[in-house]
Amino acid sequence: MSSFTCIIIDDEPIARNILLEYIQRDDRLVVVASYANAVDALREINMKKPRLMFLDIKMPNISGFEMLRSLSQHPYVIFTTAFREYAIEGFNLNAVDYLLKPFSFERFLQAVNKAYHLFSTESAEIPLAAPMPQNNNDGGKDIFVKSDGKLVRIHVRDIYYIEALKEYIRIHTPGGNWVVYQTMQHIEEKLPKELFFRIHRSFIVGLSHIKSIEGNCVMVNEMQLPISRYCKDGFMERITGNKLL
């Protein structure tokens, strides 16, 4: 099992110590640096090259959000904060997870598992080829992505969800996660509308893979995804229909 290098950025010593204790209990994780502010972290992040960043939001001088926006490229991010109201903005910045202080080791482990899964299964960035209709006996179709000079087929019914990554998208499937140079609008137009719903500007979900809905979040393949308040009414009507008991 390969190690997962990480850094901690939090202005609270107690919070840093708790994270350090949790990290030391997970053999996959190796702390390469710990910072009390984002300014010091920015000076060294390119040198440390961590795969994962535990990032507080409200800090003096530069907030966690401001730090993240200043980076052209950044590692996977798990936000750690005492403020629930920043969750949606955190997901908009493509965070792996959002830990609300105080959080347990079990909740910490869930977030790390998400990051480790993304890292271990993510393929090279590949462009999306034109969708190609296939056998429609099951009401679906396939799309193709280019990988190593060949076309790889993805059956649309297998897609758990799609997330926005700036100018890229990441398609999550049982066979792996595919990072594609494409816009959310373009892929949304190509997918069968009866099988998918855009719950947030950063997420499209496969309706058949939804396990549960709680508050403004939906659970898909063990991932908790945010539902935009502008989409929630339409989404709830679509997902429940006449099935709500």
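The values are calculated or read from the model by the stated rules, or taken from the named source; none is laboratory data. These numbers were taken from a predicted model, which means no experiment stands behind them. Every residue, glycine as well, gets a Cβ built from its backbone with ideal geometry; the counts of neighbours run over all protein chains shown.
Below is a table of values for the structure above.
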item	result
Checklist (1) part of a loop (DSSP other than H, G, I, E, B); (2) modelled with pLDDT of 90 or more; (3) under 23 Å from residue 119 (Cβ atoms) applied to residue 27, failing item	(2)
Selection status of residue 59, surrounded by 21 or more Cβ atoms within 10 Å (Cβ to Cβ), in a strand (DSSP E or B) and in contact with a strand residue (DSSP E or B) (Cβ under 9 Å, 6 or more places away or on another chain)	no
Unmet requirement for residue 6, which otherwise passes all of (1) in contact with a helix residue (DSSP H, G or I) (Cβ under 6 Å, 6 or more places away or on another chain); (2) in a strand (DSSP E or B)	(1)
Residue within the range 174-189 that is free of Cβ contacts under 8 Å to residues at least 12 places away in the same chain, at positive phi and not basic (Lys, Arg) present	no
Subset of the range 53-88 (residues that are aliphatic (A, V, I, L, M) and over 16 Å from the mean Cα position of the chain (by Cα))	57, 59, 62, 67, 71, 82
Within the range 1-17, considering residues that are hydrophobic (A, V, I, L, M, F, W, C) and in contact (Cβ under 8 Å) with a residue 12 or more places away in the chain, the one farthest from residue 77 (Cα to Cα)	1
Boolean, residue 15 is modelled with pLDDT of 90 or more, surrounded by 14 or more Cβ atoms within 10 Å (Cβ to Cβ) and in a helix (DSSP H, G or I)	yes
Residue ID - surrounded by the fewest Cβ atoms within 10 Å (Cβ to Cβ), chosen from residues in the range 63-106 that are among the aliphatic types (A, V, I, L, M) and in a helix (DSSP H, G or I)	88
Matching strands (runs of 3 or more DSSP E) fully within the range 178-245 where at least 2 residues are of a type in the set (Val, Ile, Thr) and in the same structural domain as residue 158 (by TED's automatic domain parsing)	203-206, 210-214, 217-220
Tabulated pairs, the range 18-31, first surrounded by fewer than 18 Cβ atoms within 10 Å (Cβ to Cβ), second polar (S, T, N, Q), C-beta under 9 angstrom, 6+ apart or interchain	20/34; 27/3; 28/2; 28/3; 30/3; 30/5; 31/5; 31/24
Residues satisfying the stated conditions in the range 158-169, i.e. in a strand (DSSP E or B) and farther than 14 Å from residue 223 by Cα	164, 165, 168, 169
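The rows are residues; the columns are (1) modelled with pLDDT of 70 or more; (2) aliphatic (A, V, I, L, M); (3) touching a Phe, Trp or Tyr at 6+ places or on another chain (Cβ under 7 Å).
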{"position": "78", "(1), (2), (3)": "yes, yes, yes"}
{"position": "89", "(1), (2), (3)": "yes, no, yes"}
{"position": "109", "(1), (2), (3)": "yes, yes, no"}
{"position": "118", "(1), (2), (3)": "yes, yes, yes"}
{"position": "142", "(1), (2), (3)": "yes, no, no"}
{"position": "153", "(1), (2), (3)": "yes, no, yes"}
